[in-house]
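A.B. asks: Structure in structure tokens, see below.
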Amino acid sequence: MSLKKELKSKVSLKAALLGPTNTESIVAIAIGIALFGVLMVYGGIQVTTNTKLTTAYLIPVIVGAYYGAVPAALVAGVGNVLADLIGGWGIWPDWAIGNAIAGFFIGLLLVYGTDVKKGVFTLKHAVIFTITTVVGQLIAFILVVPVATTLIFQSELTITYVQSSFAAVSNSAVVLVAGIPLLFVLANRNKAKTNLVKE
């Protein structure tokens, strides 16, 4: 099977967003939520009071690449709630919503033609991934989290903006610096397994 043919076999928008509805995807989402939650608490370096430079953000990258944007959003959003419970911080729905939105944008990989399962992740895809990740982080943490914090908690916006700005920068750094090489590694490994060759 050729790489050219594989590139032509694109999934529908609905499938790219929602992913497959089968036992494998449900288990993957559940495992992703657990890993995200644990890594949010134990797998990072504290940056500000509510933000960390955390490896947790690699989980929605993997889930998004294999299962779609909505599964990646669930992993980040519900995983944030789990992290709140594990860490004993109380539930912060504003941050859970922000993480879910950021996870959704990260998980859009299948929408613009990547297919890590079949070994398809190119430099063009990496550039699009970079743009969608940064845009998603800005929307999630510079716009949505402060608004949600104000509506839910009537909190001081200055503190929220500082924390959410650090979150946007630190999350983007992890996703881009570690996530892009990870996607290339996964794609190359899967390409070798499926014996794809360029025509």
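The values are calculated or read from the model by the stated rules, or taken from the named source; none is laboratory data. Since the structure is predicted, the reported quantities are computational estimates derived from the model, not experimental observations. Don't worry about glycine lacking a Cβ; one is built from the backbone with ideal geometry, like all the others, and counts go over all protein chains shown. Surface areas here come from the heavy atoms of the whole protein model, side chains and all, with no ligands, DNA or RNA. Shrake-Rupley method; radii C 1.70, N 1.55, O 1.52, S 1.80 Å.
A.B. asks: How long are the three semi-axes of the equivalent ellipsoid for segment 70-125, computed from the Cα gyration tensor as the root of 5 times each eigenvalue, in whole Å, largest first?
C.D. replies: On the way: eigenvalues 172, 21, 11 Å².
Semi-axes, largest first: 29, 10, 7 Å.
A.B. asks: What distance in nm separates the two pseudo spin-label positions at Lys14 and Ile91, each 7 Å out from Cα along the beta-carbon direction?
C.D. replies: Rounded to a tenth, the inter-label distance reads 3.2 nm.
A.B. asks: How large is Rg/Rh for the chain, to two decimals, with Cα atoms and a Kirkwood Rh?
C.D. replies: Numbers: Rg = 17.0 Å, Rh = 16.9 Å.
With Rg and the Kirkwood Rh in hand, the quotient comes to 1.00.
A.B. asks: Right, here's the next one. Placing +1 on the Cβ of each Lys and Arg and -1 on the Cβ of each Asp and Glu in the chain, which of Pro181, Ala96, Tyr161 has its Cα farthest towards the positive end of the resulting dipole?
C.D. replies: So the residue we want is Pro181.
A.B. asks: If you don't mind, another one. Please identify the helices of the chain, taking whole runs of DSSP H, that span at least 15 Å along their own axis as judged from the Cα atoms and have a mean Kyte-Doolittle score of 0.5 or higher.
C.D. replies: Details: long enough: 23-42 (28 Å, 2.06); 69-87 (26 Å, 1.68); 93-106 (19 Å, 1.01); 123-137 (21 Å, 1.13); 157-174 (25 Å, 0.90); 180-194 (21 Å, 0.33).
The qualifying helices are 23-42, 69-87, 93-106, 123-137, 157-174.
A.B. asks: How much area per residue is accessible in segment 13-171 when the probe is 1.4 Å and only protein heavy atoms are counted (Å²)?
C.D. replies: Numbers: 6930 Å² over 159 residues.
Normalised by residue count, the accessible surface of segment 13-171 is 44 Å².
A.B. asks: Dipole magnitude of segment 54-199 about its Cα centre, charges +1 at Lys/Arg Cβ and -1 at Asp/Glu Cβ only, in debye to the nearest 20? Intermediate values should be presented prior to the final figure.
C.D. replies: Working: 7 positive and 5 negative charges, 157 e Å.
For this selection, approximately 760 debye.
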